[in-house]
Amino acid sequence: MTAVTQPSKVGHEDGQQLTFATRGLVAPVATELLRAHAFAAVAALLVSSLFGTLVAIKLVQPEFLGGQAWSTWGSLRASHTQGILFGWLGNAFLAFLYFAIPRLAGRAVLSRRLGWLIFALWNVAMLLPGWALMAANLPQPWLSIKPLEWSEFPLAINVVTELCLLLTAVQFIVPLARKPNEDGFYVSSWYVIGSLVFTLLAFPMGSVVPQLVPGAIGAAFSGLWIHDAVGLFVTPMALAIAYYVFPVRTGRPIYSHFLSMIGFWLLFFSYPLNGTHHYVYTSIPMDTQRAAIAASGVMGFDVVLVVLNLLMSLRGHGARVWRDVPLRFVWTGIVLYLVVSLQGSLQASMALQRHVHFTDWVIGHSHLAMVGFASFVSLGGIAHVWDRTADCRCNHRLMNLAYWLILSGLLVMVIDLTAAGLVQGELWRGSSPWMESVRASQPYWWVRIASAVPIILGFASFLAGMLTRENTASTAAANPSLPSGALPQPAHG
Ligand code: HEM
């Protein structure tokens, strides 16, 4: 556990102090729901990462696991990506919301019973049957895998997902809307509401509409969802966590309320237009492609503003970022958010697309975004919640080990896939046969498999950190600001 901070003025430098970060009363928090979602999240992260590793192995050993429906490359890949989106990130965000909304709204979430219904629907009626149906790959249209990226779960499961999204919006938006606390609407609340509303609307557009309008038009809708899932669900939730964790853990306000608001509105205006940049050089009208490329540039500008605002809020706190494990997780996620977004804005241009389209460069980019940005911030968010929830065991040593394992594995994976992408792109533009590029990719694909080892060990170490407590002596050593032998008390925020 980290030392308790005594916030002086937490909120925005140009705004008022926020009580959620100080020692005011907290509305009742549904701790069991928070714990249930957090454990489901990390369990799904481990399972989904194992799926990813099997997919990676099948690229170098196609006959590995045989050729039954459940072990085909396509089925395992879809289980990997849907598990990451709904099982890991979805549950992680829900866990954080059960902690943060009672503080941000100054009142409890709508209903504990509704909370358990959402938990059961999300995990027992969506994730587990979704994985099972992927493995079975039945021929019935409602039960079969959909050939839509980020929405491969069958239509029957999509209905449950939409219901979950609706109930989640009701559970968390109602308390925020009923009583914005005396601080007004903090920027994290804006992002949470934006994310829940937009995802509710964007999900059916990406999951059902492409089934009804096949061909290039369907692909355009699917492209919107590929980007909206990342841009309107994952990104705003991760930013809500960062805007929450930074001021609470440093006791220092966010640099600028103005930049917070500009960042929020630019994200929601420009992200929905980005989707078609996944289909540059296709039969989708050129003007749509150009609009998506322009919107991608605007997004890059927006990210610079948001990251500047967040990092300026930490000025003078470098040593604390280094010492404080939850803060370091979130800080790393935000730095990688800048890197991956600038990469994304550049790679949306036609000039770079010519070299990297459909290559492993893009897969490297996806992992930098989803592991580097979204997962680091979410792991930091969970670590913060654990740290501040009285009956949760929290072992910062194991979480620190997790940090280094995941970071080192991720860097190897991303550098490896980026290099593989450049080699593939070069060979595809020449006159060599396709198989030449497959042969040239083999060493890179082996390195990707190796990089899975530290990443998965890191996730396991994080889980162990959620289940154990440090002993008093090591805690004091890790927190020099504490009187020797003292255990830090969970702070308010
Ligand atoms: C543990 C190690 C992991 C390995 C070995 C791995 C491997 C893979 C492989 C082989 C693919 C398919 C690539 C292709 O289509 O050619 C993939 C896709 C993907 N993985 Fe992973 N993965 C891992 C962990 C993760 C984690 C932790 C996340 C997110 C938190 C993640 C997010 C994704 C995403 C978003 C895609 C889709 C990429 C795209 O289509 O652009 N992976 N992964």
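Quick note: the coordinates plus some simple rules give every number you see, no bench work behind them. Worth saying up front: this structure is predicted, and the values here are computed from it rather than measured. Quick reminder, even Gly has a Cβ in these numbers, built from the backbone with ideal geometry, and neighbours come from all protein chains shown.
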Whole-Hz couplings from phi, Karplus 6.51/-1.76/1.60, listed for segment 92-99; x for Gly and Pro: 5, 5, 4, 4, 5, 5, 5, 7
Relative contact order (percent, whole number), the chain, Cα cutoff 8 Å, 6+ residue spacing: 18
Tell me, what ³J(HN,Hα) does each residue in segment 235-240 have, in order and in whole Hz, if you take phi through Karplus 6.51 cos²θ - 1.76 cosθ + 1.60 with θ = phi - 60° and put x for Gly and Pro? 4, x, 5, 5, 5, 4
Assigned charges on the beta-carbon of Lys, Arg, Asp, Glu; the chain dipole about Cα centre (debye): 920
Residues whose modelled amide H sits under 5 Å from the amide H of His12, counting only those 5 or more places away in sequence or on another chain, are Ile254
For the chain, what is the convex hull volume of its Cα atoms per residue in Å³? 135
Extension length gain for Phe258 and Glu32 (0.36 nm per residue less Cα distance), in nm, is 77.7 nm
Over segment 130-169, what number does the Rg to Rh ratio reach, with both radii from the alpha-carbon atoms and Rh per Kirkwood? 1.01
Virtual spin-label span in nm between Trp446 and Leu308, 7 Å along Cα→Cβ: 4.6
What FRET efficiency, computed as 1/(1 + (r/R0)^6) with R0 = 30 Å and r the Cβ-Cβ distance, is obtained for Ala156 and Arg113, rounded to the nearest 0.05? 0.75
Between the Cα axis of helix 187-207 and the main Cα principal axis of the chain, the angle (0 to 90°, nearest 10) is 20
Mind giving me the FRET efficiency for Arg315 and Ile415? R0 is 30 Å, r the Cβ-Cβ distance, nearest 0.05 is fine. 0.50
Any chance you could run the full-extension gain for Arg178 through Ala132? It's 0.36 nm times the residue separation minus the Cα-Cα distance, nm to one decimal. 12.6 nm
Here the net charge surrounding Leu379, from other residues whose Cβ is less than 13 Å away from its Cβ (Lys, Arg +1; Asp, Glu -1), is 0
Run the simple label-point estimate for Asp287 and Leu65 please: 7 Å along Cα→C-beta, distance reported in nm. 4.5
Compute and list, largest first, the equivalent-ellipsoid semi-axes of segment 51-157 from the alpha carbon gyration tensor, each √(5λ) rounded to a whole angstrom. 33, 16, 9
Give me the extension gain from Met205 to His355: residue separation times 0.36 nm, minus the current Cα-Cα distance, reported in nm with one decimal. 51.0 nm
May I ask you to evaluate 6.51 cos²θ - 1.76 cosθ + 1.60, the Karplus curve with θ = phi - 60°, for each residue of segment 46-62 and list the ³J(HN,Hα) values in order in whole Hz, giving x for glycine and proline? 5, 5, 5, 5, 5, 4, x, 5, 4, 4, 5, 5, 5, 5, 9, 10, x
What is the angle, in °, between the Cα long axis of helix 325-347 and the longest principal axis of the Cα atoms in the chain? Nearest 10 is fine, range 0 to 90. 30
For q = 0.11, 0.15, 0.17, 0.20 Å⁻¹, Debye-computed log10 I/I(0) when each Cα of segment 211-310 counts as one equal scatterer: -0.40, -0.65, -0.77, -0.94
How far is it, in nm, from the label point at Trp265 to the one at Leu163 when both lie 7 Å from their Cα along the line to the Cβ? 3.9
Which whole number of Å³ per residue matches the convex hull of the alpha-carbon atoms in segment 326-400? 79
Here the net charge surrounding Leu267, from other residues whose Cβ is less than 15 Å away from its Cβ (Lys, Arg +1; Asp, Glu -1), is -2
